[in-house]
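Sharing a structure below in structure tokens format, with a few things to ask.
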Amino acid sequence: MLRRMFDFLRPRWKKEARHLVKGAKKYVHYKRDLLDDGRIAEIESRRDDLRNSLKSGDRKAVEEAGKQLRATCEKALPRAPQQTWWEENVEVMFVALVIALGLRAYVLQPFRIPTGSMQPTLNGIVIVDKGQDFKAPWIGKQAFDWLWSGTSYKNIVADRDKRVVDMKDASWFLFTRTKVMFDDGSVLKVPAAAGEVSNQFLVDSNGDGRPEGRSFREGEPILRGTITTGDLVLVDKVSYHFRKPNRGEVFVFDTRGLNTYGEASGKLGGQSGGSHYIKRLCGVPGDELQIDEPQLYVNGRIADEPGIVRVMKREGEYAEYPSGEPRPGYLLADARQRSKYPRGPLFEADDVFELKDPERVGMREYAALGDNTANSLDSRYWGAVHEFNLSGPGWFSLWPFGSGHWGFIK
């Protein structure tokens, strides 16, 4: 210990020699499977010479012994291939990638909010059509808007007469995409979820609730306006290994075994194609939930968790939509979707949603509701989330910085 404490007082040549003695020992350990016994004995002999020279305090002897030890190590494996600079860089990048994937799988996973089901707590992707006369600002303003608020500007014009015939999800990793197909064979990929895209490209022309694809004339704008990206959040994948999920927190879960597509054709809000959802955890195993609009009752009493209370009280940003229309609080499932989700647990005012608490590992049940229940496909329609579906609580909203949500998620 004392030797280490006063090591800084030693001359540089002595410190370098000591490092060389240790380095040669490590070299033998790392290359032992490639070195024959004679080479190992020779290296150990040179190490002994260097140690003895250090004890004598003869600088010239130390330098000569160090030179001999280096030469012996360098010649020990003359035919061993040396890594080129690009091989070393590839190895470093590969290790970094493995570490990043490990962190994503077991510690923190990034997740993009694709829809508006959690607004105003978290933002989904929003398309705003600015109309015929809209002109995008200069390129510097566009770059700033993208960095600060995630807003990009679009000016897509029809090159010929065409009509929308189909839409398909084309999302990949963190990139939400919807493929819009036209009757002329052309395809347009829009960076938004299908529900948001349908508002722009579908129209209920007959008033019967069955929207049809819009038609565009040559030279007519297909999309002239802005697309604002959804919040990029980090999901804590560690906590649920050490604690139980808490009622009222925001959480992420996968959709394995969940009937999010329903039992009939069509989609609600374009959310049924996702592999992961983010919602408010509104019920834990053993709870009984009821909705008496705008209130959420848990076990016969109005829920008192802060995140749930904000939705029910409809105060501040929870009071109204950007359009000025009042927010509804907690709503029962849309009765028009009853045929699609016949086993939905919360369609009627007297429905009671019971969450099971079985002893079987992974099968405990949780309820997931969106803060924007008027536009959320959640447990009201397809039922409980099982314990094996849970990914973790939403931890931090990372980007955009100007969304108003940057920071820890509440």
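The values are calculated or read from the model by the stated rules, or taken from the named source; none is laboratory data. Since the model is a prediction, treat every value here as computed from it, not as a measurement. Please note: Cβ atoms are built from the backbone with ideal geometry, for glycine as well, and neighbour counts cover all protein chains shown.
So which residues in the range 33-67 are exposed (fewer than 13 other Cβ atoms within 10 Å of the Cβ) and either among the β-branched types (V, I, T) or touching a Leu at 6+ places or on another chain (Cβ under 8 Å) (or both), if there are any at all?
L34
What residue, of D378, D350, is surrounded by fewer than 21 Cβ atoms within 10 Å (Cβ to Cβ) and charged (D, E, K, R)?
None of the other options fit; the residue is D350.
Across the range 318-346, which residue is nearest to the chain's Cα centre (by Cα) among those that are surrounded by 14 or more Cβ atoms within 10 Å (Cβ to Cβ) and outside any loop (DSSP other than H, G, I, E, B)?
Y318
If you don't mind, there's one more thing I want to ask. Taking the condition buried (at least 20 other Cβ atoms within 10 Å of the Cβ) and modelled with pLDDT under 95, does L296 pass?
So L296 fails the test.
Something else now. Against the condition among the acidic types (D, E), within 28 Å of A194 (Cα to Cα), in a loop (DSSP other than H, G, I, E, B) and in contact (Cβ under 8 Å) with a residue 24 or more places away in the chain, how does D371 come out, does it pass?
So D371 fits the description; yes.
Name every residue in the range 128-165 that is part of a loop (DSSP other than H, G, I, E, B), touching a strand residue (DSSP E or B) at 6+ places or on another chain (Cβ under 6 Å), touching a residue at least 24 places away in the same chain (Cβ under 8 Å) and farther than 20 Å from L232 by Cβ, in order of residue number.
Those that are part of a loop (DSSP other than H, G, I, E, B), touching a strand residue (DSSP E or B) at 6+ places or on another chain (Cβ under 6 Å), touching a residue at least 24 places away in the same chain (Cβ under 8 Å) and farther than 20 Å from L232 by Cβ: K130, F134, A158.
Here is a follow-up. So which of E74, E64, E44 is within 20 Å of A17 (Cβ to Cβ), of a type in the set (D, E) and in contact with a Ser or Thr (Cβ under 9 Å, 6 or more places away or on another chain)?
E64
I'm trying to understand the selection: among the residues of the range 169-188, which are surrounded by 13 or more Cβ atoms within 10 Å (Cβ to Cβ) and assigned to a strand (DSSP E or B)?
Within the range 169-188, D169, T178, K179, V180, M181, F182, L188 meet the criteria.
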